[in-house]
Structure formats: structure tokens, C-alpha cells
2 protein chains.
Amino acid sequence: MKSFVIRGLLGVSLLALACSKPAPPQQTIGASKSVKELMAARGLTEADVEAALRTYVPTGKSDDYMIFASGGQSGQVLAIGAPSMRLLKVIGVFTPEPWQGYGYGGGSNAVIEGGNQGTHKITWADVHHPNLSETKGDYDGEFLFVNDKANARVAVVDLKDFTTKQIVPNPLVSSDHGGAFVTPNTDYVIETSQYPAPLGREYVPIDQYKDKYRGLAMFWKFDRAKGRIDVANSWAVELPPYTQDLADAGKLDSDGFVFINSFNTEMAIGGTLEGKPPIESGASQGDMDYLHVIDWKKAEKLVAEGKTSTIKGIRVVSLDTAGKEGVLHLIGEPKSPHGVDVTPDGKEIVVGGKLDTHATVFNFEKIKKLIDGKQYDGKDSYGVPILNFQASIRGQAEIGLGPLHTVYDNKGFAYTSVFIESVVAKWSLKDLKVIEKMPVHYNIGHILAAEGDTVSPDGKYVVAMNKMSMDRFTNVGPLYPQNFQLLDVDGEKMRMLVDMPIGIGEPHYSQMIKVDKLKTTKVYKMGENVYTGQKDPSATLAGQEKIVRNGTTVDVYMTAIRSHFTPDRIEVDEGDTVNLHITSLEQSEDQTHGFTINMYNIDLSLEPGKHENVTFVADMAGVYPMYCTEFCSALHLEMAGYFLVKPKGTTTTAAPAGSASAVPAAASAAPPKK
Amino acid sequence: MKSFVIRGLLGVSLLALACSKPAPPQQTIGASKSVKELMAARGLTEADVEAALRTYVPTGKSDDYMIFASGGQSGQVLAIGAPSMRLLKVIGVFTPEPWQGYGYGGGSNAVIEGGNQGTHKITWADVHHPNLSETKGDYDGEFLFVNDKANARVAVVDLKDFTTKQIVPNPLVSSDHGGAFVTPNTDYVIETSQYPAPLGREYVPIDQYKDKYRGLAMFWKFDRAKGRIDVANSWAVELPPYTQDLADAGKLDSDGFVFINSFNTEMAIGGTLEGKPPIESGASQGDMDYLHVIDWKKAEKLVAEGKTSTIKGIRVVSLDTAGKEGVLHLIGEPKSPHGVDVTPDGKEIVVGGKLDTHATVFNFEKIKKLIDGKQYDGKDSYGVPILNFQASIRGQAEIGLGPLHTVYDNKGFAYTSVFIESVVAKWSLKDLKVIEKMPVHYNIGHILAAEGDTVSPDGKYVVAMNKMSMDRFTNVGPLYPQNFQLLDVDGEKMRMLVDMPIGIGEPHYSQMIKVDKLKTTKVYKMGENVYTGQKDPSATLAGQEKIVRNGTTVDVYMTAIRSHFTPDRIEVDEGDTVNLHITSLEQSEDQTHGFTINMYNIDLSLEPGKHENVTFVADMAGVYPMYCTEFCSALHLEMAGYFLVKPKGTTTTAAPAGSASAVPAAASAAPPKK
């Protein structure tokens, strides 16, 4: 009641003191200040006040949108609330993440190990482009797919529990970039290669680059019911070694097609030590590169008909077949392009040339006509038909220096990131005229829009994903954070709302979804194995706890509940194989336990109902506490026990005591006195 | 100019429409809204408006404070700006972090490997208490120390470059908690054990707990000039197996002393499977536990005099010696205490009993008098003298249910986190009366205050570090973020400013420093080895690049500069040992490059001037791109090259081509046509 009165009085001072005419003296409470006083004290402008009020989310209220941003070299995905631009979660994807117990002994280990390439264990990624699953071209909030450029992999994140369920390594290519885009109903997750290499990665000298190095478009079949990529039913299309870059799937009118650009059709291979020009100049010689147009429904038919070669278990439509059968067409595109973005209506494809000043608007109807009429300008040296550039485009928007990526709103406007100029350029899809440029800080790479990749973008927000942030934030060392800047695009003019430092990884692309589309679980079913979605066969309920020895294998069936483990004492022999089976008996929201055995590099996160299985060898004798790593209750520190490993060859329990003290053994300590 | 006019007009509408009397019609620009309209549209109260304006930091301005928060089970440290509560950086500490190139091949590997315990590689931590280095009891902004509860380790983060330089494993204990606190001039970094175990961790049956299990207070000597813990000059004091909890160092009047509380003086050891009570009840039987008072200057003298035993290379003052020589005294403290916090003037020590309702204020002068007068209530069963509780305290503040930790402001107030009640209790140190309680969401654990652990706290801000956040944020899966709530404590009443979700790890303690105390580097010296602070012997400048083979060892001296590597083609034989030496030739702020060799799990962050050395075996034949993982320029994708590994036994360069295509080798591709 007292607090209500205070708030009421504060409200008066807050609003009244903002008037231009002198207001009657106000009763002020403590150090409460009016808007004007606060503006003066903190150096805020009117625009700042408006921006603050457009982004502030008070305690107890939540954000309207969620952004899924790639974590770049962190290997993870960032879930960010908008408009508050608060980091809600770093989702462990390719890199082990101990808070989530991801990759520290439990079921997630198999997910990470499933992503190994060749004989190498890989424990990081360069995450580029997160893409939400779609139904009829609209985000459905069920899954998120991301690609790992550095190790040519794709991961599936289940948004039911924000957990990575699958990592699929691509056995054919050495890197990817144009991924992980989806077709409008998520039939396929698309991953296209970047740096050409022999398919299958076998050694071939670099001087055979043009002959033997290749690109690839991988079509990973997605099984929505299982929530997994179905590797056996996936296939690929071989591409020329043109260094394919970004890609996008057609939708509505252009459904059934995929568009991939490229930037080194010169096929430069560097040689800096040998005195040759670096790739950056070699790749920038030509005025045009190639937009690749793939008819994936035609390719799918060829695959079904068996018109493929099989490399490392993957069926591949060869470059020769792709060219001859009308699966692949090329169109010139200026110059060293980066972004390729299909418009919401699916009718056009916008390409930004990073060494160009234009955004080029390709028209699908025109392209389709050329394809259907087999009107070719000729073929490239790999036999792929080339369509005429001028005949394929509607026009070009004069954007500025270094246009990269383009996103869309609900009012017919496009927003292009312009790297060198450090602006967001807003332009009209109708007449291709630039309307406004908003300076961003600095060197914007990707850009994202609310529901921007769907058939019905929301408008409202655009985020500039800036690569540099010098002078924006307090210095946190020579490695600077990136800078996301939230722009309001609801008005006639764009408004700069707020800066968000990204101090973990360098995000590439992001997508922004309305939060009401997410149907996320609060607790797991009792004994659920997160990776099967079923009750685990070893799930342990209260009263079922036991320790079972079979030779040198010890199975421990455990439960965790506020605030103890059962059992809380486990003794094994050095060299024993230990299988822990732990079920959290909790069912209250947010009642998470952790579990670690000290110095055994085991760490689990036991959300309510979750079951985990851990297998390890007790190869280090000694006394190791095990405890709940979550502050789960007032007595969380007491949620502990001991894991004891008896040294090999010990026949009696007498062991050298580590005590430095000469104090005789105390039978019992005297209770402390008051 | 246009934008200036717009801003001017907006200002008018913004302020004028906030008046209670009807204002003349305002010219509005686009969808610009007044404060009142925005409040209505977004459901903001007057308190929300004030909170927004107290926390919003516009682009181009930066925060006043930096919070260093432990990352809990993430193993990292979080650097957070205040009042904006934006995450500026996740600092890689115990867990490999690929964006920072931390633990992926470079010099940081040795730091992480230095933290291995016994024969186990450890790649995570349960980070508990970050502590800034101090000079005369004030934060000096030079270093940050954190402890790893799960693996009994302490790390040193250099704030010159926000980089972890050292991880020191404690060979004696099995877990720690009361760390990593510093003495007022950072002579020592203190790490006290938590779960008792035989010192040295040798196996001893659990039934010998009272006789052979022990606690320990480790005094790590810090060499400020070197910026490293000096292990050889470090030492420890053996403690009874009372499950020591938090700790704090004395300052000013109490300089030279350390205070450690404990919570299981009952020495309960559980046995839940065997039908015995869990530790949580066994440890809660007694009304009192023991505050441990250590005279570390006296202990240091004993160490110098050689009155120690040596266990695993560490000199230990035995429990017997500590008791007899007046190094260790015990005082009863109610009940299952958690926080122990020395007041800024060093005169008092506040202890929160988590099963108690009080904060107990111990008085150092009283304690010192009892010690000096050898006025003991008796000794515990380990021979340690016990001081009288009532004679040691000034009084108790009636706080509420579950008081944990206490921090201080500059006006004589204390702020105690109250877990079960979910409030921050503000009380007066003068009369120990509670003045106000602020509800927090939910279940607050630690609490922090601006410059709160120094001899001169700033007041202004307090942060409630809440463990639970159900209903505060959009659901991001069954594993919920924690919730930091920033409170303004500058006024007569506390104000709730903003919620910050923590979606990476579960922070325990944090410290908050004024940013002007940080003297962080913007770029490295040319060729600097970050771990020696010197120019690396292998630093490579422009023109010095080369590849040198010695038998099966290949040394590659490389440079990185916008936007190419020299060399950009490296060919080795399968099985070769490869030493990469890479120098970034950049010297511009924020001009970072990355470096990876695909599928070799190598990933470096090359900030301006930085030099890195990487050694690995080229054990997987094939073609692997290497590239810059940072969006370093418009042509960042072109900053790439190839690492080729020739298979063993290959005598010619002819190798099976991976191409699926039957297309004949193309001599050159036709340039695309316009």
C-alpha cells in the first residue's frame, strides 16, 4: 500500500515537470527525478527518451520477438529477446557447453560426436546462418537449423526444449556457407559449399583446381515427425568450382527453386608466398560472377530415377547431368556478390554485389521463361547453360558502397546492409529508389527483419548486425564485441533504438520470430530421455535406486530431488566401468539440479523430469565429492555426496591418511556452544 | 540537417503531450509518439519510465560500471555493463571458447592444460566467486581471480586484455568454495575448501571422515609484477572437516585476518541409499556452526620458520599447529551460515545464517581481545580454541527467512539477500534495524554492490542475483535463465530498475567496478605473445614469411593482414608435424582476424599485433581450406587459402579426383557475360 502511494506521487512529478511552463512545486520522493531532470543528469536527448521507452521491458513482462542469432566462431546459437535486446540463452550447438551439461558426459555427447569429420574430433564451429523451420513459407517455431562453415556441418535445434538434437557432417565438402536454408515446408535443409575442394576431400594438388575441385549443393531431407535430418534420403547437386556463397530457397511463385550466388568465378587460388596475387584480388578481376539457379524438384526426380553417382554414401547429381537435364542454370551477377534474398512474394531475388553499388533485382518469371524456352547465352566451360543477365532482371537499385544483404518489411520496402558505407539503406521494391539511409556503428554485415524471411514479414523491427564497435562500449580488451543495433521501421523514418554488444562470437545471420509461435516445454516428462523423447529404459523413480555390480561394471540407478541424491555415496574400484543413470524427480518449473563428480570432467544439467545416462571409467583413485551445481534450494550446498575410488590392489580399507595433523583421531566433535 | 529538424519537433511533441492540461495540437513526425502514448501503447507505468531512463545507454555512450560475474557451470566470467545491464563479453576462463581462440590450438592451450587435475583433462568449471585485485583495500582494475568449486582451481584473468593467463590446480583438496578472495594489497589469493576430503585426495573410506578428512585454507601468493600466482611461495592452513563455506579477508582494522564460515560441523556424511538421513538434514541438526578466524600473518611467519608439513609440494600449517600457535580460532555462528562479509571499515563481520532469521554482526575488536587474552570457551575435538559467541558479537539484525549474503553502500547501510523470502533487506549498520525490503524475482542467492567489497563502496547500485526466473522471460526451454535485477540504492527507497536474464551459466558472486579504473589495451604490440607479454621469438613481419622443412617437421611463418594470409597455400605430407607461427600485422583498433584450418579443430583469434604459435600433426590427408573467421573487410570471404595434406606413400601428384562429373577438364572458364 505504501509503495502504491509513492508511485502515484512519483507519476505526478514525472509528467508535470516535463511541461514547458513552470509547474507548481511537486512533492518529490527521495531522490526521484522528473523526466527532464533525468535527461539532464544522464545526458539523454528526446530521441533517447523515445528509444528507451520503445525498448524497455519491465520486470514481469516479456519480449514480443525472439531473435535466433548465429554465434559465429562460438559454435553456438544466441536466443535474444526483442525489443529489449536481452540475451535469453546461449544454446549449446557445436561447442560443448557445461551449464547445459552439453558434451560433459550425458546423452549430448553422442550428438557432438556425431558431428566428427573423418578421424577428427571437432569441438567448435563457425556458425553462419540460422534458419527456422517453415510451414507454407511461414516460420512455424518448431526447429532451427544452422550450418558450420569451418567443418561443413548442419545442426538441428529442437525449439520444444531449445536443445541441439543432431549434428550432421557433410562427407563431401570442405566448408559450407549457403546454409542452412529451408524449402517452404522444410522438406529440405539446404547446405551449399564455399571453398571448392575435391568432393570427398581426397588430396588433389591445387593446380588441378579447375579440373578436380568442385562445389556442391546438399539437400538434407528433413523428417519433421522424427525431428531429424534423414541422411539416407538426402542428396546433392555437384557445382562448378566458383566459390558459392549465400543461398536462398524460392517460395510461392518460385517454390521448387534454389538460388546461390558465387564470388570467385575467376577461380583464383592465391599463392601469396610465391609472389602471386592473393585470392582477394584474383577473385575481383571479373565484372560479373554467377547466380546459380537450381530446379530442385527436377533434381529430386533425377535422384528418384537413380541418375546419380554415389560418393561417400551420398547420391550426387553430377555437374554434367545438372547442366544437361536443366537442373542448373547460371546468370551473370555483378560483382563479387554476397547476399541473395528472395522477396516475400517469391517473385524476385535481390542480389547485393559487395564490390558493386547496386542491389540487382532478378525476376523469377523472366528467368523461368528463359529456362523454359532454352534461351541461352551459351554455356560455361563445365557445360552449364548461361541465361542473359539483362533479360533476367527487372532492374537495379542504386544503393551505395558495398551492399550485402537485403531484408523486407510488410509495406513493400527493402532494407539493404551497406558494409563500407556503414548504413542501412531503405528502398522501395516498387520503383527501386532509395528512400533513406540510417548510419550504423560500424561496418554492418548481415541484417535481419521481424519474420523477414517469410511470405509475410511483420515490419516493425530491423536489426543491423555490425561487425565493429570501436567507441561504442567500454573496452573489454583487444577483442571487441560485435554490435547489434535495433531499428524501428514502423514509422515513416527509421529510428535507431538501442545498441546490443555481442560479446560471445561473431554472429552472421539471424532470424526474428514472434514469440507466440514458440511452443516450448516447461518441464520434461518424468524420466524423459531428451534425445529419444521417451521415458528412458533406465529411468529411476523414488524407491528404485540401487547400485548393481556385474564384474568390473557398476550400474548406479540414482534420483535427484531437493536437496539430495540417492545414493549419495558410491564406492567403486579403480578401473571399474561406471554407468550412472540419474533421474530428476522434480516436476516444478525452473527447479533444475546439476550433477558433477569433481575432477572427472562430468557435468550434467538435470531439468525437471530429465533422465541422463553417463558411462565412464573410474581411472583415478581417491575421494571425489559429487554435488548439485545448481543453487536449487536454501540447502543446495548440502545436496552432495562422495564418489570413492579404491586404488587397485587395495585389500584393506586402511590407506595413508592425507592429514597433516598430528591430532589423534577424534571420535566426535563437541557441538559448538552458544 | 533534416534530421536535426525532425529531432527538434519530436522533442516538442514528446514533452508537451506529457502535460496534464490539454496542450495545443502538436506537429507529429511519422509515427512518433509522445511519452503518454508510448506508455499506453507499451503498458508502462511511471516507475517504468523512470527505470528506463535510469538504465538506457544511447549509442555512442558507454556504461559507468562494469560487473564481473562468475559464469557458474559455464566455466567462464561475464563482463556486464551497468546500468544498461548489457553483456559486454563472456571471458573464456576454464572452458575452451572458440571465438576467443581460447583452447583451440594457440598459446591458451597451455593455460587450460595447466589446470588439469591428476591424470584428468578438465575442460569446464563451476566458477563461484570472482574477485578483483585490490590496492589498499580498493579495486585497482588490474586482475580478476576466480575459483572453480568442482575441480579446486583458481584462475587469473588479466584485465589489461581480458584474457585468462593462469589456471592453478590445488593438489590438496577435492573442491573449493571460499575463493578467490584477496588480501587488501593482493598479497594473497585465498581459496578455502568445501567438501572435506583427505588432503591430497588419496582414498580413505568414508567412515574415517572425522579422523582423516580435512578442510584447508590455501594462501596463493600473487606476484603482481608477473601477473601470476607464485605456486612455490604459496602455503596452506589445515582445517577441521567442518565443510567450510564462504570466506572474506579482513581489511583496515582487521587486516591480517581471514574469516571463513562453515555449515556441517555435525560432520554428517549422508547415506541415503542405506536409509540414513541425507546430508541436508544431518548437517542441520546443530543450532550453531563455526566461524573460523585465521591470523594469516601469524601463519605466514610459521611458514617462514618452517613449522609446516609438506603435502604434494605444498607447505601446510597443520591443524595441530594452527590450534596451538593461535593461527586458528573458532566462534559459534547460527545456523548453517552462508555469507561472511567484512564491513568496509574492517571493524565488523556480518554472517547470514540460511536456516536462521538473523544477520549476525561479529565485532573484530571484541574477537581480537578474546584472542589476545586467550579467553576460550574451550577447544573443539581437534584442539582448536573456541571463543564465546555472545562476547564476539555486537548484535543481530532481524532480517527474515534465509539471509545469505550482505553488501554495503556508502551511507552506512547493509543489503542482505534473503533467499526463501525473495527480498533484498536494507538495514542500518548503526542500529541493526531493517529499513526496507524489496521483492526480487525469485530466490536471490548472492547480491553485489557497486565497489561493494572495497574500503569505500560507491552506493548507487545493488544487483540481486536471482536463481529463478519463472514468469519473467519468454520460455527458452526447461533450463531457465537466471535473473539479475539492478536496484538503484541512491535514493531514500530502493528502486527496481531492470531485469537481466543470464542465459549462460548460473552466476554465484559478482563484483562491480567503476570503469575508469580499468586500463585495458586496445591493440597488442606488434608480434606480441599474449602469454609472455613480449614479442614472440617467432613473430613474423611482412616479407619474413616462409615455410621451412626439417625432416618431418614443417615450420610455417605466416602473416595476416586485410585481406590475405601469406602464405595462403601450405602443402605437407601426412604425418608431418606442423608448427604454425602467425602474426597479425594489423594495428588498427577492432581489426581482428581469425584463423582456422577446416576439420583440424584449430581456431585462433588474431587481434591486432597478436602472435600465435600452433603445433599439430597433419594426420588426416586431403584438402582443407583455411580462412579468416572474422568479417574483417568487404573481402573477408576471400581471406582464405588451402592446407593440403598429401597421403602417405604418394609419389606422384595424381590422385583420385572426387568429381562426380564426367565433364572433361576445363582449361579455363569463360568469363560471365553481361
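The values are calculated or read from the model by the stated rules, or taken from the named source; none is laboratory data. Just so you know, these numbers come straight off a predicted model, no measurement behind them. Virtual Cβ from ideal backbone geometry, glycine too; neighbours counted across all protein chains shown. Note: accessible area is taken over every heavy atom of the protein model, side chains too, but ligands, DNA and RNA are not part of it. Shrake-Rupley method; radii C 1.70, N 1.55, O 1.52, S 1.80 Å.
Would you mind counting up the charge near A:Tyr65? Only other residues with Cβ under 11 Å from its Cβ, with Lys and Arg at +1 and Asp and Glu at -1. Let's see the in-between values first.
Values: positive: A:Lys460, A:Lys514, A:Lys517; negative: A:Asp63, A:Asp64, A:Glu451, A:Asp458, A:Asp516.
Residues near A:Tyr65 contribute -2 overall.
Report, to the nearest whole %, how much of the accessible area of the protein assembly as shown belongs to carbon and sulfur atoms, 1.4 Å probe, protein only. Write down the numbers at each step before the final one.
On the way: 20670 of 39830 Å².
The value for the protein assembly as shown is 52 percent carbon and sulfur by accessible area.
Give me the distance between the Cα centres of region A:474-539 and region A:95-139, rounded to whole Å.
Comparing the Cα centres of region A:474-539 and region A:95-139, I get a distance of 15 Å.
Taking A:Gly491 in one copy and the same position in all the others, each labelled 7 Å out along Cα→Cβ, what are the pairwise distances from the first, in nm, shortest first?
Result for A:Gly491, in nm, nearest copy first: 2.8.
What total accessible area, in Å², is buried where chains A and B meet, using a 1.4 Å probe and rounding to the nearest 100?
Values: alone 30160 and 30170 Å², together 39830 Å².
Interface between A and B: roughly 20500 Å².
Convert each backbone phi in region B:320-337 into a coupling constant with the Karplus relation 6.51 cos²θ - 1.76 cosθ + 1.60 (shift: θ = phi - 60°), then list the ³J(HN,Hα) values in order as whole Hz, x for Gly and Pro.
4, 4, 4, x, 6, 8, x, 7, 10, 10, 10, 9, x, 8, x, 10, 6, x
Treat each spin label as a single point 7 Å out from the Cα along the C-beta direction, and report the A:Lys430 to B:Ala391 distance in nm.
Calculated label separation equals 9.0 nm.
In nm to one decimal, list the spacings between the A:Glu436 label point and its equivalents in the other copies, with label points set 7 Å along Cα to Cβ, shortest first.
Here the equivalent label points are 4.0 nm apart from this one.
Shortest first, in nm, what separates the label point of B:Lys312 from those of the same position in the other copies (7 Å along Cα→Cβ)?
Here B:Lys312 shows inter-copy label distances of 4.3 nm.
Write down, largest first, the equivalent ellipsoid semi-axes of region A:301-422 in whole Å, where each equals the square root of 5 times an eigenvalue of the alpha-carbon gyration tensor.
Details: eigenvalues 185, 54, 45 Å².
Rounded to whole Å, the semi-axes are 30, 16, 15.
Could you tell me the center-to-center distance, by alpha carbons, between region B:258-321 and region A:611-626 in angstrom?
Cα centres, region B:258-321 to region A:611-626: 25 Å.
Return the long-range amide H neighbours of A:Leu291 (sequence gap of 5 or more, or a different chain), with a cut-off of under 5 Å between placed amide H atoms.
Excluding prolines and chain starts, which carry no amide H, the hits are A:Ile331, A:Gly332, A:Glu333.
Suppose only helical runs count, i.e. DSSP H with n ≥ 4. What mean residue ellipticity at 222 nm does that imply for chain A under -39500 (n - 2.57) per run, divided by all residues and rounded to the nearest 500 deg cm²/dmol? Write down the numbers at each step before the final one.
On the way: 10 runs with 75 residues, N = 674.
Roughly -3000 deg cm²/dmol at 222 nm, from the helical runs in chain A.
Where a Cα-Cα gap under 25 Å defines reach, which lysines qualify for B:Lys646, not counting those fewer than 8 residues away within the same chain?
Candidates past the 8-residue exclusion: A:Lys121, A:Lys149, A:Lys210, A:Lys212, A:Lys276, A:Lys312, B:Lys546.
Are there residues in region A:51-72 whose accessible area shrinks by at least 30 Å² when all protein chains are included rather than the chain by itself, and which are they (probe 1.4 Å, ligands and nucleic acids not counted)?
At a threshold of 30 Å² (probe 1.4 Å), the residues of region A:51-72 that become less exposed are A:Ala52, A:Leu53, A:Arg54, A:Tyr56, A:Pro58, A:Thr59, A:Gly60, A:Lys61, A:Ser62.
Plugging the Kirkwood radius over Cα pairs into Stokes-Einstein for region A:65-517, at a temperature of 25 °C and a viscosity of 0.890 mPa s, what D comes out in µm²/s? List each step's numbers first, then the result.
Details: Rh = 21.8 Å.
This corresponds to a translational diffusion coefficient of 112 µm²/s.
Do me a favour and compute the ellipsoid semi-axes for the protein assembly as shown from its Cα gyration tensor, root of five times each eigenvalue, largest one first, whole Å.
Values: eigenvalues 575, 294, 148 Å².
They are 54, 38, 27 Å, listed largest first.
Once you place label points 7 Å from the Cα toward the Cβ at A:Lys519 and B:Lys514, how far apart are they in nm?
Going by the 7 Å Cα→Cβ label model, 5.5 nm.
Under a 1.4 Å probe, what is the accessible area of chain A per residue, stated in Å²?
Per residue, chain A has an accessible area of 30 Å².
Semi-axes of region A:528-661's equivalent ellipsoid from the Cα gyration tensor, sqrt of 5 times each eigenvalue, largest first, rounded to whole Å? Write out the running numbers ahead of the final one.
Details: eigenvalues 145, 66, 26 Å².
Calculated on Cα positions only, the semi-axes equal 27, 18, 11 Å.
For region B:347-354, take each phi angle, set θ = phi - 60°, evaluate the Karplus expression 6.51 cos²θ - 1.76 cosθ + 1.60, and give the result in whole Hz per residue in order, putting x for glycine and proline.
7, 9, 10, 9, 10, x, x, 6
Considering amide H positions built from the backbone, and no H for Pro or chain starts, which residues 5 or more places from B:Arg86, or on another chain, come under 5 Å of its amide H?
Hits under the 5 Å cutoff: B:Gly81.
Distance in nm between label sites at A:Lys546 and A:Lys411, each 7 Å beyond Cα in the beta-carbon direction?
Here the modelled spin labels are 6.9 nm apart.
Can you list the HN-Hα couplings for region A:441-457, worked out from phi with the Karplus curve (6.51, -1.76, 1.60; θ = phi - 60°), rounded to whole Hz and with x for Gly and Pro?
10, 9, 6, 5, x, 7, 8, 9, 10, 4, 6, x, 9, 9, 6, 9, x
Tell me which trypsin sites (Lys or Arg not before Pro) from region A:433-522 have a DSSP coil assignment and no more than 13 other beta carbons within 10 Å of their own.
Values: sites: A:Lys433, A:Lys437, A:Lys460, A:Lys467, A:Arg472, A:Lys493, A:Arg495, A:Lys514, A:Lys517, A:Lys519, A:Lys522; in loops: A:Lys433, A:Lys460, A:Lys467, A:Arg472, A:Lys493, A:Lys519, A:Lys522.
Those satisfying the criteria are A:Lys433, A:Lys519.
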